[in-house]
2 protein chains.
Amino acid sequence: MAANSRLTIATHVLAWLALAQRRGQEVLTSDQVAASVNTNPVIVRRSLGDLRRAGLVTVRHGAGAGWSLARAPEEITLRQVYEAVGAQPPFGLHHTEPNLECPVGRGIRPALSAAYGRVEQAMRRELAATSIADVLRQTLRS
Amino acid sequence: MAANSRLTIATHVLAWLALAQRRGQEVLTSDQVAASVNTNPVIVRRSLGDLRRAGLVTVRHGAGAGWSLARAPEEITLRQVYEAVGAQPPFGLHHTEPNLECPVGRGIRPALSAAYGRVEQAMRRELAATSIADVLRQTLRS
DNA sequence: CTTGCCGTAACATCTTCTGTTGCAGCCAGG
DNA sequence: CCTGGCTGCAACAGAAGATGTTACGGCAAG
C-alpha cells in the first residue's frame, strides 16, 4: 500500500481553512477544499468528519453550508490531528502468534509493546510541537 | 494493509539468536528460527538478509550452515534494526500532486516534509535507547 | 559427490487505502 | 412549503504492499 497520507490530507485541509478564514472567507465547502488538495470531495469529507468528531472543525448544514475551524490555528497541533485521523501506530506485532514453547516467543510481545509505546510517545511529543499556524507560516514562505 | 511487522520479526530473530548464543548454540538455521517466530523460513531468510546487509548478523553457507550475531546483543539497538529492515516512514505525502494554483497546495509539501523529518528523528532517538539485550532481558522476565 | 541450507524469483492471498458513484438528510432562502 | 446545494454515509472498484508458499539454482563441509 502506499504510505499513509491521512495526516497530510487533514493538515492540508486545516491549513487551507485557516488561510481562507484569515482572508475573510468564513466557510468552505468540501468541493472548494478538494480543489486545493486535488482529490475527490468525498475524501475531504471523510477527513473533515474525523476532524469534526475531534472538535477541531465545525460544519453548517443546509443551503450555504460549509466548514470552518473550531479554534484558532495556533491552538491546533499536529498531535491533535494525528489522534483525530486515527492513524495506526508505525509498528505492528506478529501476524501469527509466535511459538509459545519458546521462551522468546512467550515473552517478546509485551516487551515489544512496551518499547513501541515509548516510541509512539516520542512521536506524539514531537507532533505536539507543531501547530497548524506553524505549518501555514512555513507553507507560505516558499 | 496489516500493520508493518518487519521490525517485530527482525527483533524476534535477533533476540532468539542472542539467547541461543548464550546457551552455547553457535549457529541457527532459518528453519530453527522460523519455528520460534512461527512463520515460513523464507520470511525469516528475507529478514535475515536485511540484517546481514546491515552487518548485524553473519551467515555460513554449505553444509552445517546457519546464522549468528555479528556483535554483542548490547551493541545492537532497535534503531539499527529499524534502519536495516528499511521500513517506510509513518507518514506519506499526497498521492496526487496538490493544486499548485493554491498557495497552500504550492508550499505545503516541503513544510510537511520538514515536520515529518523531525518526527522521524524523534522516533530514531527513542529506538536507539533500546538494545537487543534490553529486549531479551524484558522478554525473559515474563 | 552428496547433502543440507541459503538466496531469490514467481505467484497467490489478504488487507488497507484511495477514489468513485449514488442516494438520503438537512436547512437557508424564496 | 419547496427547491437547491451541500453534507453524511454506504457500497464498490482498483491499486499497492505485506505475508506466506513453492520451486529451484548455488554453495561448501564432510
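How far apart are the A:V27 label points across copies, placing each 7 Å from Cα toward Cβ, in nm, shortest first?
7.2
Can you compute the modelled spin-label distance between A:R118 and A:N40, with each label point 7 Å from Cα toward Cβ, in nm?
Label at A:R118, label at A:N40, 4.3 nm between them.
Could you check how many percent of all C-alpha pairs in the protein assembly as shown are farther apart than 34 Å?
Pairs farther apart than 34 Å: 35 percent.
Please give the charge dipole size of chain A, origin at the Cα centre, charges +1 on K and R Cβ atoms and -1 on D and E Cβ atoms. Round to the nearest 20 debye.
So the magnitude is around 220 debye.
Sum up the charges of everything whose Cβ sits under 13 Å from the Cβ of B:A111, counting Lys and Arg as +1 and Asp and Glu as -1, but leave B:A111 out.
Once all neighbours under 13 Å are counted, the net charge is +4.
Relative contact order of chain B: what whole-number percent is it, with Cα pairs under 8 angstrom and at least 6 residues apart?
28
Relative to a virtual label point 7 Å from the Cα of B:L140 in the Cα→beta-carbon direction, which members of the stretch B:1-44 show backbone nitrogen distances below 14 Å?
So the set is B:15-25.
Given R₀ = 30 Å, what would the calculated FRET efficiency be for A:S68 paired with B:T96, taking r from the Cβ atoms and rounding to 0.05?
For R0 = 30 Å, the calculated efficiency reads 0.75.
Quick one: if the Förster radius is 45 Å, what FRET efficiency do A:R60 and B:A129 give, using the C-beta to C-beta distance and rounding to 0.05?
0.40
Using 7 Å Cα-to-Cβ label points, what is the B:Q88/A:R22 separation (nm, one decimal)?
Placing both labels 7 Å beyond Cα along the Cβ direction yields 3.2 nm.
Can you give me the pair-distance distribution of chain B, C-alpha pairs, 5 Å bins, whole percents?
Pair shares across the bins are 2, 9, 17, 19, 16, 11, 8, 6, 5, 4, 3, 1, 0, 0.
Bear in mind that the values in this text are calculations on the coordinates, not laboratory data. Given the structure is predicted, the values throughout are model-derived calculations rather than measurements. All Cβ positions, glycine included, derive from the backbone under ideal geometry; neighbour counts span all protein chains shown.
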